[in-house]
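Structure first, commentary second.
What follows is calculated from the coordinates using simple rules that are stated; it is not laboratory data. Model, not experiment: these values are computed from the prediction. Here Cβ is always computed from backbone atoms with ideal geometry, including for glycine, and neighbour counts include all displayed protein chains.
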Amino acid sequence: MSESPYDRYSSPLASRNASEEMLRLWSPRQKFNTWRRIWLAVAEAQHELGLPVTKEQVEELRAVVSRPGGITDGEMKAAEKYERELRHDVMAHVHALGDSCPRAKGIIHLGMTSQDVVCNADLAIMRHACALVASKTLRVILSLSDFAERTKALPALAFTHYQPAQPITVGRRAAQWASELELCHRRIDSEGFSSRAKGFRGATGTQASYLTLFGGEGGTVDRFEGVLRGRGFGVADDDIFALTTQTYPRVHDCFVLADLAATAAVLHRVATDIRLLSNRKELDEPFETKQIGSSAMPYKRNPMRCERICGLTRFVMNLVGNAYDTAATQWLERTLDDSSNRRLSLPEAFLALDGALDLMHNVASGLIVHEAMVRKNLMAELPFMATENILMACVKLGGDRQHYHELIRVHAQAAGLRVKQEGLENDLLDRLKADKHFWSGARGGPLSAELDWDGVMDPMKYVGRSVEQTERFIRDVVEPLRAQYGEAIAGLDESGPRV
């Protein structure tokens, strides 16, 4: 009986979540093509610097490495066969590459240790992956900001401690989400953060093998180490690590995963907020025509995209501990147990966050606002919010602040109990209007006739600078980003979540 693909475990990151672009970045073909490009760059530099590496060998190597598609399936199968025999992945690929360019076989990997290839390749792939994450983070920022612009003047009940608090606007809340993501984008997009290279340091970081190759000439070794600059690897002049062991400092992975985890944390927070507001019937994420919300309860519209965002981002946040453990347990100049861990924790952090960012873009681009429910929920609490303004108006009209504070407090508590215990509407304003103390003038004259009772129930009087803050954030932060990166964002896949 032939084996079906359905008979073997398949990572949900590949089948359900991550984009094709991110999957290609972390694919075996991308990794091994990057290894080969490094071997070619090293051979070119060694030839240029006078080592016994001939022009013919370099050209043969270049012809194989630079062909369309790079490494073939047949070459990867050959490398797999070699690895079963040699138990060493890098040397397996050295032999497989050598089989494809036999004249150059003897100079491939000359003077190098495995991590001179693997570390530089890993950093190059992370550089591209960080750029993709930065672009997708910005795309979410722009989507949220567009939503914020549309809803900047729609007042809504705010919450602290998940208890009703001073009103905000729907757009101001969305601008807050975008602002926190912008902080994450700023870190991930940082040029110094993403353009590092390990350089070529040999077995323990001392460059002993290269010093021997170049006849003890340290200056020539320095020139050689710049081989990745200007050869399409995106390495800046000052971005090769000052010192390494056999590997680049693994604390760098801590920085990468920590920033991915921080981005994940903000996405989790945004998705959770949307889920809470969905419960209050104020927001809904996009919902397909035939989408099923629950197998048991046909009426439900569960916020499944936001739930999925929370699940994926929680996974990313928990992966960062792997980087800390690996950095802490290097055992002098290097131990191999970091390799198997990094093969999981690095790509899966990027793949999971990539999926979460695509989902959040989809949600932010199609958020549904139920304005009637937003107003209903706000107006149910607004009389309580209005009490401070009523109190200040009483004082301005000559009333005693402490006297009216106590009057309002008693009525507010009674109105609150009426809502909670009897399920009735909030009648606080009616109670205050009917209170003789607001008419008798016992403490400073007849107040109720002069109070603007309708005006105190205008929600826009309580949102502070929500509209102005939203407009300023979009103008000063978002629009410059849109102008700077708009073309890159436009090139991203717009197909939405894969499942």
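So here's what we get for this one:
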| quantity | calculated |
| --- | --- |
| Base-10 log of normalised Debye intensity for the stretch 127-229 (one unit scatterer per alpha-carbon) at q = 0.11, 0.21, 0.22 Å⁻¹ | -0.58, -1.01, -1.04 |
| About the Cα centre, charge dipole magnitude for the chain (Lys/Arg +1, Asp/Glu -1 at Cβ), debye | 720 debye |
| On Cα atoms only, tilt of 170-188 relative to the major axis of the chain in degrees | 20 degrees |
| When each of K81/K198; K31/K136; K55/K198 is checked by Cα-Cα distance, pairs over 24 Å | K81/K198; K55/K198 |
| Helix-only mean residue ellipticity at 222 nm for the chain, each DSSP H run of n ≥ 4 adding -39500 (n - 2.57), per residue, nearest 500 | -20000 deg cm²/dmol |
| Spatial extent of the chain: Rg and Dmax, with the Cα atoms as the point set, Å | 31.2, 106 |
| Karplus-derived 3J(HN,Hα), 6.51/-1.76/1.60, for each residue of the stretch 100-115, Hz, glycine and proline x | 7, 9, x, 5, 8, 3, x, 10, 5, 6, 5, x, 8, 9, 3, 6 |
| Amide proton proximity set for A158, modelled H, under 5 Å, gap of 5+ | A165, I168 |
| Length-normalised contact order for the chain - Cα pairs under 8 Å, 6+ apart - percent | 19 percent |
| Debye, to nearest 20: dipole size of the stretch 1-144, +1 on Lys, Arg Cβ, -1 on Asp, Glu Cβ | 380 debye |
| Contour minus Cα-Cα distance for R418 and E149 (0.36 nm per residue) | 93.1 nm |
| P(r), alpha carbons of the stretch 115-369 - 10 Å bins starting at zero, rounded % | 7, 26, 26, 18, 12, 7, 3, 0 |
| Overall dimensions of the stretch 311-429 as given by Cα atoms, namely Rg and Dmax in Å | 28.0, 79 |
| Highest to lowest packing among 342-349, 397-404, scored as the average C-beta count within 10 Å | 342-349, 397-404 |
| Coarse-grained scattering of the stretch 127-186 at q = 0.22, 0.23 Å⁻¹, given as base-10 log I(q)/I(0) from a Debye sum over alpha-carbon atoms | -0.82, -0.86 |
| Set K396/K461; K152/K376; K376/K396; K376/K420 screened for pairs whose C-alpha atoms are more than 27 Å apart | K376/K396 |
| Selection from M76, Y248, S179, by position along the positive dipole direction of the chain (Cβ) | S179 |
| Cα-centre dipole for the stretch 373-462 with unit charges at Cβ (Lys and Arg positive, Asp and Glu negative), debye to 20 | 140 debye |
| Peptides 415-428, 309-322, 159-172 ordered by average Cβ neighbours within 10 Å, highest first | 309-322, 159-172, 415-428 |
| Compactness of the stretch 21-156 as Cα Rg over 2.2 N^0.38 Å, two decimals | 1.48 |
| Spherically averaged projected area in nm², based on the convex hull that wraps the Cα atoms of the stretch 373-462 | 5.6 nm² |
| Burial ordering of K198, K105, fewest other beta-carbon atoms within 10 Å first | K105, K198 |
| Cα long-axis angle, helix 401-422 against the chain (0 to 90 degrees, to the nearest 10) | 70 degrees |
| Compactness index (Cα Rg / 2.2 N^0.38 Å), the stretch 95-163 | 2.32 |
| Residue (of S2, G202, G486) at the positive-pole extreme of the chain, dipole from beta-carbon charges | S2 |
| The chain: angle of helix 337-365 to the longest principal axis, Cα-based, in degrees nearest 10 | 40 degrees |
